[in-house]
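Q: The structure under discussion is supplied below as structure tokens; questions concerning it will follow.
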Amino acid sequence: MADPLPYSEKVMDHFTNPRNVGEIIDASGVGKVGNPVCGDVMKMYLKIEDDRIIDVKFKTFGCGAAVATSSMVTEMVKGKTIQEALTITNRAVAEALGGLPPKKMHCSVLAEEALRSALKDYYQKQGKEPPFKDKEHPHEHEGETCL
Ligand code: FES
């Protein structure tokens, strides 16, 4: 059997005790993304008032790193303005967790994409064009497997 991956204490903490799990019924924006390689799925709900994220919840069907990065990104965006939230990258989320094993970096992409997808939905619900483009993470999806 393979050795367990070297996860940081923070990753283990957010995996075993994830923050902000659940859904927001009257969410301002909902994002759902999936990783086509491993099949993991993440859903994020945002409550936005005056351009500020006042509440955020998530549901993730996925690996430990996906759960931990979802949990961390919700902590990072709560209380932030939309513009501030858009500056959060998957790498910043991974760093805030004390790092991820290289083969699990692609899981953090899901967290960033779920956030951007929920923000996109927020703008679209108001009939507005999102003021940002979809981001490409070309190398972090390729050749990864669900471990
Ligand atoms: S998100 Fe699928 S293996 Fe982590």
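The values are calculated or read from the model by the stated rules, or taken from the named source; none is laboratory data. On a predicted model such as this, the values are computed, not experimentally measured, just so you know. All Cβ positions, even for glycine, are placed from backbone atoms using ideal geometry, and neighbour counts span all protein chains on display. What goes into the accessible areas is simple: the full protein's heavy atoms, side chains included, and nothing from ligands, DNA or RNA. Shrake-Rupley method; radii C 1.70, N 1.55, O 1.52, S 1.80 Å.
Q: Kindly list, by first and then second residue, each pair from a residue in segment 38-56 that is aliphatic (A, V, I, L, M) to a residue that is open to solvent by 50 Å² or more (accessible area, probe 1.4 Å) and within 16 Å of the ligand (Cβ to nearest atom), limited to pairs with Cβ atoms under 9 Å and residues at least 6 apart or on different chains.
A: Here the result reads Val41/Lys32; Val41/Lys59; Val41/Phe61; Met42/Lys32; Met42/Lys59; Met42/Phe61; Met44/Lys32; Met44/Lys59, each pair linking segment 38-56 to a residue that is open to solvent by 50 Å² or more (accessible area, probe 1.4 Å) and within 16 Å of the ligand (Cβ to nearest atom).
Q: Among the residues of segment 59-112, count how many are assigned to a loop (DSSP other than H, G, I, E, B), in contact with a Ser or Thr (Cβ under 9 Å, 6 or more places away or on another chain) and within 16 Å of the ligand (Cβ to nearest atom).
A: 4
Q: Out of curiosity, is Lys32 within 15 Å of the ligand (Cβ to nearest atom) and surrounded by fewer than 19 Cβ atoms within 10 Å (Cβ to Cβ)?
A: Numbers: within 15 Å of the ligand (Cβ to nearest atom): yes; surrounded by fewer than 19 Cβ atoms within 10 Å (Cβ to Cβ): yes.
Against the criterion (within 15 Å of the ligand (Cβ to nearest atom) and surrounded by fewer than 19 Cβ atoms within 10 Å (Cβ to Cβ)), Lys32 qualifies.
Residues are listed down the side, and each one gets a yes or a no for (1) within 10 Å of the chain's Cα centre (by Cα); (2) over 28 Å from Tyr7 (Cα atoms):
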residue	(1), (2)
Gly31	yes, no
Val37	no, no
Asp40	no, no
Lys47	no, yes
Ala68	yes, no
Glu75	no, no
Ala92	no, no
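Q: Need the failing condition index for Asp26 against (1) within 14 Å of Glu113 (Cβ to Cβ); (2) away from the ligand (no atom under 14 Å from the Cβ); (3) more than 16 Å from the chain's Cα centre (by Cα), just the number.
A: Failed condition: (1).
Q: Still on this structure: Name every residue in segment 7-45 that is among the hydrophobic types (A, V, I, L, M, F, W, C), over 13 Å from Phe61 (Cα atoms) and assigned to a helix (DSSP H, G or I), in order of residue number.
A: Result: Val11, Met12.
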